[in-house]
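The values are calculated or read from the model by the stated rules, or taken from the named source; none is laboratory data. The shown structure was predicted, so the numbers you read here are calculated from the model rather than taken from an experiment. Every residue, glycine among them, receives a Cβ derived from its backbone with ideal geometry; neighbour counts consider all protein chains shown.
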Amino acid sequence: MLEIGPLSAAPRPGFDNGPVSEAAWRTGAAVRAGTATALGSMPGGDPLETARVLAGELPQLMPLPELPARGVGADIIGRTAGLLVELAVEVVPSGYRVAARPGRDQRRATDLLRRDLDAVEQAISEAGAPEAVKVQAAGPWTLAAGVELARGHRVLTDPGALRDFAESLTEGLTAHIGQVAARTGAPVVVQLDEPTLPAVLAGSLPTPSGYGQVPAVPGPEAQRLLGEVVERLAAASGSPVIAHCCADRPPVALLRGAGAGAIALDATGLGEVSGALADELGEAWEEGTALVLGLVPGTEPAERADARALARPALDLAARLGFGPRALVERSLVSPACGLAGASPEWARRALALTRELLDVFQEEAHR
């Protein structure tokens, strides 16, 4: 069993370093119900054109563009590694591995992110500042599962290394928040992507040999570490943190317990919502945690997409949880179901427009 100690929390000028109350995580003008956004990844490799599209289509909560088609350093782990403070990684045949010092791969990630910030700054100088900007990074568990130690085992198997990575991630994201705020003049919201968290909890990640599995991390330990990161990022940004997990059974109670002010999920992939998941989602809405409902396909569907048809999973979910359509207006945000990196540029733009159209459908249903 992993024993995870608390992250250090050195005082930061200009930030309140006291505990962030649950109410503070659940409120904040930067994360408002009835808002359209996207999860971050987009097609192609032109950061300026992408930033212009996002600034125009999502002025309420504009995601910082991610362009994984650019390769190493633009993917979720490499991009996040570029934010780390006093920790280095490199690319080896099996993936990302801890290194003694930053090399060309990590420098490339840092350079790509700098170009993206330049592009966003130019785009909003043309279109006007959005109400808020969202930055995305791998959460501590997905990062620790996606980087190897020197001997090949995952970072998450070493409690000391795990704490170091969580600390470094928090430091790097805090600096990133300041840079984005200074460049855009807008409030900054952090989204922590945890696609690997369900596998971490289930103990289903393979060991280096491929013949075994990494032991499961108990839920309370996973929640404690994630919660420490969330608390400090919420304090640094002054905004609720969004936790994103696109699994068909996302760990909603754990993410809420870690202090996430909003939970982003693929509402089209939940299937029949019942039992514990229904209870967790219902409690989230009842107690003020927003749901970012992913409803628009990440790639163009075979049949023409219609906003009213795309809204059906959300309307069904609200009914299943005992809420009327008004809950979709008052307690949720809307996004594509997943990242748009695999879409055509034409579909990516259409998907963002459909995301905004879904809000109109919710309003119409709420006032029937």
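Filter segment 116-162 for residues that are within 19 Å of the chain's Cα centre (by Cα) and part of a helix (DSSP H, G or I) and give the result. Before you say what the answer is, go through the steps one by one.
Of the residues in segment 116-162, the ones within 19 Å of the chain's Cα centre (by Cα) are 116-117, 120, 130-147.
Across segment 116-162, the qualifying residues are Asp116, Leu117, Val120, Pro140, Trp141, Thr142, Leu143, Ala144, Ala145, Gly146.
Test Gln60 against the stated conditions and say whether it is modelled with pLDDT of 95 or more and among the polar types (S, T, N, Q). First the steps, then the outcome.
On the way: modelled with pLDDT of 95 or more: yes; among the polar types (S, T, N, Q): yes.
Yes, satisfied.
Among the residues of segment 212-245, count how many are of a type in the set (Lys, Arg) and over 27 Å from Gly152 (Cα atoms).
As a first pass, look at segment 212-245 and keep what is of a type in the set (Lys, Arg): 224, 232.
Next, from what is left, pick out any that are over 27 Å from Gly152 (Cα atoms): 232.
Of the residues in that region, 1 qualify.
Conditions: (1) more than 22 Å from Ala243 (Cα to Cα); (2) modelled with pLDDT of 95 or more; (3) outside the structural domain of Gly203 (by TED's automatic domain parsing). Pro11 meets all but one. Number of the miss?
For Pro11, the exception is condition (2).
Six or more apart or on different chains, Cβ atoms under 6 Å: show the pairs whose first residue is in segment 220-246 and closer than 21 Å to Leu265 by Cβ and assigned by TED's automatic domain parsing to the domain that holds Ala144 and whose second is buried (at least 24 other Cβ atoms within 10 Å of the Cβ) and charged (D, E, K, R).
Going by the 6 Å Cβ cut-off, the qualifying pairs are His244/Asp193; Cys245/Glu194.
Kindly indicate the residue of segment 188-211 that is more than 14 Å from Thr157 (Cβ to Cβ) and in contact with a Phe, Trp or Tyr (Cβ under 9 Å, 6 or more places away or on another chain) and also surrounded by the fewest Cβ atoms within 10 Å (Cβ to Cβ) among those meeting that condition.
Leu201
List the number of the failed condition for Pro68; all other conditions in (1) modelled with pLDDT under 95; (2) touching a Ser or Thr at 6+ places or on another chain (Cβ under 9 Å) hold.
(1)
Answer yes or no as to whether Leu277 is buried (at least 18 other Cβ atoms within 10 Å of the Cβ), modelled with pLDDT under 95 and of a type in the set (A, V, I, L, M). Lay out the reasoning, then the answer.
Details: buried (at least 18 other Cβ atoms within 10 Å of the Cβ): yes; modelled with pLDDT under 95: yes; of a type in the set (A, V, I, L, M): yes.
Considered against the rule, which asks whether it is buried (at least 18 other Cβ atoms within 10 Å of the Cβ), modelled with pLDDT under 95 and of a type in the set (A, V, I, L, M), Leu277 comes out as yes.
Just name the residue that is surrounded by the fewest Cβ atoms within 10 Å (Cβ to Cβ) out of those in segment 90-130 that are of a type in the set (Gly, Ala, Ser) and within 16 Å of Gly146 (Cα to Cα). So that I can check it myself, show each step before the final result.
First, the residues of segment 90-130 that are of a type in the set (Gly, Ala, Ser): 94-95, 99-100, 103, 109, 119, 123, 125, 127-129.
Still in the running and within 16 Å of Gly146 (Cα to Cα): 94-95, 99, 109.
Details: Ser94: 9, Gly95: 14, Ala99: 17, Ala109: 25.
By that ranking, first place goes to Ser94.
Among the residues of segment 324-338, is there at least one that is in a loop (DSSP other than H, G, I, E, B), under 29 Å from Arg224 (Cα atoms) and at pLDDT 95 or above? Working first, answer last.
Taking segment 324-338 first, the residues in a loop (DSSP other than H, G, I, E, B) are 324-325, 331, 337-338.
With the extra rule that they be under 29 Å from Arg224 (Cα atoms), the set shrinks to 331, 337-338.
Keeping just the survivors that are at pLDDT 95 or above gives 337.
Yes, there is a match, as at least one residue in segment 324-338 is in a loop (DSSP other than H, G, I, E, B), under 29 Å from Arg224 (Cα atoms) and at pLDDT 95 or above.
Among the residues of segment 212-242, write down those that are among the aliphatic types (A, V, I, L, M), over 20 Å from Thr170 (Cα atoms) and surrounded by fewer than 22 Cβ atoms within 10 Å (Cβ to Cβ). Before the answer, list the steps.
Quick first cut of segment 212-242, residues among the aliphatic types (A, V, I, L, M) only: 214, 216-217, 222, 225-226, 229-230, 233-236, 241-242.
Then drop every residue that is not over 20 Å from Thr170 (Cα atoms), which leaves 214, 216-217.
Answer for segment 212-242, where residues must be among the aliphatic types (A, V, I, L, M), over 20 Å from Thr170 (Cα atoms) and surrounded by fewer than 22 Cβ atoms within 10 Å (Cβ to Cβ): Val214, Ala216.
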